[in-house]
Amino acid sequence: MDTSRVNSTELEQFLSKEKEKAMANEIVAKLTHICWDKCITSTPGSKFSSSETTCLTNCAQRYMDMSMIIMKRFQSMH
């Protein structure tokens, strides 16, 4: 068995998983930034107000929905 080929395959799988993790982290960071700027209009206290909580929830859901739509659109193009 060619160990360099096995190692190469394992490395490719590892890099693919790491790339997915990096993309997920990037999405979370962007989502946090966008929704925070939109929903938190004053200095936050120890808890979010109910309107801030609702806004953050709705913002995150819309962002995720749009991300899925865009991803499906790109997949259908290939």
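Residues of the stretch 24-67 being surrounded by fewer than 10 Cβ atoms within 10 Å (Cβ to Cβ) and modelled with pLDDT under 90, which ones?
Initially, the stretch 24-67 is screened for residues surrounded by fewer than 10 Cβ atoms within 10 Å (Cβ to Cβ), giving 42-43, 45-47, 50.
Once the filter is applied, which keeps residues that are surrounded by fewer than 10 Cβ atoms within 10 Å (Cβ to Cβ) and modelled with pLDDT under 90, the stretch 24-67 yields Ser42, Thr43, Gly45.
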Spot the failing condition for Ile27; the list is (1) β-branched (Val, Ile, Thr); (2) in a helix (DSSP H, G or I); (3) more than 13 Å from the chain's Cα centre (by Cα), and only one is missed. (3)
With the condition kept exactly as written, say whether any residue in the stretch 32-50 is of a type in the set (Lys, Arg) and in contact (Cβ under 8 Å) with a residue 12 or more places away in the chain. yes
For the stretch 36-78, which positions are farther than 19 Å from Glu26 by Cβ and among the small types (Gly, Ala, Ser)? Ser42, Gly45, Ser46, Ser49, Ser50, Ser51, Ser76
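The values are calculated or read from the model by the stated rules, or taken from the named source; none is laboratory data. Since the structure is predicted, the reported quantities are computational estimates derived from the model, not experimental observations. Using ideal geometry, Cβ is built from the backbone for each residue, glycine included, and neighbour counts are taken over all protein chains shown.
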